[in-house]
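First up is the structure itself, then whatever we jot down about it.
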Amino acid sequence: MEQDELMVRRAYDEVADSYADVFRTTEGEQPIELAMIRHFVQHLPVTDPESPRVLDAGCGAGRMLPLLAGLGCDVEGIDLSPEMIRRARIDHPRFTTDVASITDLPFADASFDGVFSWYSTIHGDDAALALAVSEFHRVLRPSGLVLVAFQAGDEVCDVAPAYRAHGHEIVLLRWQRTPDRVGAALDSAGFTEHARLDRAPVGHERDRQGVIVAKR
């Protein structure tokens, strides 16, 4: 199966307002996932005397930006979808957000102490994942951390029907990967794994959920 960034951008441009209206904050996250985020922030290197600089890489409509800021991060976001960024600027105007791809980040080398990738690598194949984690590594400072969250599994899923049920005619695929596969991609990019979460689905979820924190 193939899916390029233009297809992903079109899909999220179409669903941006519906998505942002439903997923406003972090009420959908489980306590153990929030604990992983806190762990990520607590172990960031602090090169600025006040707060670590963090990139939310694939920020969507920006719902995780206030969480990271509340944990003490100087955070900004990028997303592939202009419509998602439009909503991020409306819903979270105090944060800097821009349109960009996680496979071609518009930042200089060693710009950030942390890169936060909350389910933002799931719509690309293994080659796209490799490009993304390579970019995460490039923009991180020495000893910087990346957090990557994903649906854990071993298949490519068609997630468009869930959106069509709400009136959105889109095409959208999701790559599910085991934590070992994500960990291997991070290792190949030069990261060392720092912490891992692999949990069973709860509530309405159908898939296992994974989070990996790794150090540059």
Kirkwood Rh over alpha-carbon pairs of the chain plugged into Stokes-Einstein at 20 °C, 1.002 mPa s gives a D in µm²/s of 124
Ignoring ligands, DNA and RNA, what percent of the 1.4 Å accessible area of region 113-163 is carbon and sulfur? 57
Per residue accessible area of region 64-108, 1.4 Å probe, in Å²: 43
Using amide H atoms built in the peptide plane, which far-off residues or other-chain residues are under 5 Å from Ala152 H to H? Arg208, Gln209, Gly210
From the phi angles alone, apply the Karplus equation (6.51, -1.76, 1.60; θ = phi - 60°) to region 146-154 and give each ³J(HN,Hα) in whole Hz, x where the residue is Gly or Pro. 10, 10, 10, 10, 6, 7, 8, x, 9
Within 15 Å, Cβ to Cβ, of His137, how many net charges do the neighbouring residues add up to if Lys/Arg are +1 and Asp/Glu are -1? -2
Among 199-208, 90-99, how do they line up by average Cβ neighbours within 10 Å per residue, starting with the highest? 90-99, 199-208
tail above 15 Å in the computed P(r) of region 112-216, as % of all Cα-Cα pairs, reads 62
Please report the antiparallel percentage of DSSP beta bridges with both residues in region 33-111, rounded to the nearest 5. 10
Inter-centroid distance (Cα atoms) of region 142-216 relative to region 79-113, Å: 20
Give the relative contact order (percent, whole number) for the chain; include only Cα pairs under 8 Å separated by 6+ residues. 20
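The values are calculated or read from the model by the stated rules, or taken from the named source; none is laboratory data. Small disclaimer: the values here were computed from a predicted structure and weren't measured. For neighbour counting, all protein chains shown are included, and Cβ atoms are generated from backbone atoms with ideal geometry for every residue, glycine included. The accessibility values were calculated without ligands, DNA or RNA, using every heavy atom of the protein model including side chains. Shrake-Rupley method; radii C 1.70, N 1.55, O 1.52, S 1.80 Å.
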